[in-house]
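Let me begin by presenting the structure, written as structure tokens, before commenting on it.
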There are 2 protein chains.
Amino acid sequence: MDLLDRATARIWLTTAVAEARAGLAEGGIPIGAALYGADGTLLGRGHNRRVQDDDPSTHAETAAFRSAGRQRSYRGTTMVTTLSPCWYCSGLVRQFNISRVVVGEAATFHGGHDWLAEHGVQIMLLDDAECAAMMREYIAANPALWNEDIGE
Amino acid sequence: MDLLDRATARIWLTTAVAEARAGLAEGGIPIGAALYGADGTLLGRGHNRRVQDDDPSTHAETAAFRSAGRQRSYRGTTMVTTLSPCWYCSGLVRQFNISRVVVGEAATFHGGHDWLAEHGVQIMLLDDAECAAMMREYIAANPALWNEDIGE
């Protein structure tokens with residue numbers, strides 16, 4: 001499989017960032033994600049909905065995955081997320097053989113992306129300053145909600 | 001934390017089996033789960049909804065987790081599932097520090113329960129004949145749907 005180029009990853013990240021901002025505007029935790037197909041088609045997008053729907057199971061990645069509907073195969077797909085995926089969302093990527101993960105930032109939370117890399121998933125960490133600032137501000141203002149979202 | 005006794009685990013498994021049967025009756029994949037609190041209260045229950053809702057994100061364990069709503073902590077909770085949890089559902093257990101997993105059977109599918117045990121989760125594998133027979137029959141009759149559900 002081809003390596004994703006950084007310029008495309010940056011463009012795709014804007015979709016995930018738009019989702020994170022939409023979540024924040026709704027009063028939610030600002031994490032967004034998007035699932036892109038092997039041909040670059042946007043298959044699904046979504047954001048964390050713990051606060052909005054009182055739903056602890058809807059992390060950004062699971063929301064984007066659900067939004068893409070049933071797919072026969074995830075070969076060649078890319079999960080783009082504003083934040084390093086937690087174990088739950090990393091498990092999703094591994095189980096369904098999603099080929100790549102683009103991570104906006106892993107400075108505020110370091111999830112399972114190293115584990116995914118060990119298991120053959122292509123990881124591109126963008127160290128995006130806007131993603132990191134958005135999370136840093138949110139966590140500082142809402143520490144209890146954030147800890148609830150990561151089970152700590 | 002106390003070890004779960006096998007008799008209690010067997011009783012709790014009946015809730016997960018009832019969920020699996022309900023899913024089967026709806027035309028769905030027969031995997032069920034239930035989340036029990038530290039005090040033995042049933043917090044949530046659910047089953048796989050890929051077929052019923054065209055929703056690939058709702059595995060039995062995620063359905064039970066969602067059904068339990070927001071919890072401040074999962075300390076002392078037990079996830080009871082008719083089938084060994086896939087990486088996605090194993091990741092859920094690890095991220096939210098669910099203390100124990102009761103597995104109906106791991107003969108038809110071997111997921112991430114060994115990995116969870118390595119990371120301190122108490123695992124009780126019941127080798128339940130009814131759970132195994134239900135999955136074996138379903139997989140034989142619906143191989144494509146089953147492979148879709150585990151991303152293969």
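The values are calculated or read from the model by the stated rules, or taken from the named source; none is laboratory data. Quick caveat: nothing in here was measured; it's all calculated off a predicted structure. FYI the Cβ positions are ideal-geometry reconstructions off the backbone, even for glycines, and counts take in every protein chain you see.
The condition of being farther than 18 Å from residue A:127 by Cβ and touching a Cys at 6+ places or on another chain (Cβ under 9 Å) holds for only one of A:74, A:88, that being A:88. Where helices (runs of 4 or more DSSP H) fall entirely within region B:1-110, those with at least 3 residues that are farther than 27 Å from residue A:63 by Cβ and in contact (Cβ under 8 Å) with a residue 12 or more places away in the chain are at B:6-25.
With respect to the stated conditions, residue B:60 fails to be more than 20 Å from residue B:77 (Cα to Cα), within 12 Å of the chain's Cα centre (by Cα), modelled with pLDDT of 95 or more and surrounded by 24 or more Cβ atoms within 10 Å (Cβ to Cβ). So residue B:69 ticks every box in (1) within 27 Å of residue B:136 (Cβ to Cβ); (2) within 12 Å of another protein chain (Cβ to nearest Cβ) but one. Which box is left unticked? Among (1) within 27 Å of residue B:136 (Cβ to Cβ); (2) within 12 Å of another protein chain (Cβ to nearest Cβ), residue B:69 violates only (1). Residues that are in a strand (DSSP E or B) and either within 14 Å of chain B (Cβ to nearest Cβ) or crowded, with 18+ Cβ neighbours inside 10 Å (or both) within region A:124-152 comprise just one, A:124. Summed over region A:49-75, the residues that are closer than 14 Å to residue A:90 by Cα and touching an Asp or Glu at 6+ places or on another chain (Cβ under 9 Å) give a count of 4. Applying the set (1) facing chain A (nearest Cβ under 10 Å); (2) closer than 28 Å to residue A:98 by Cα; (3) surrounded by 17 or more Cβ atoms within 10 Å (Cβ to Cβ) to residue B:79 leaves exactly one unmet item: (1).
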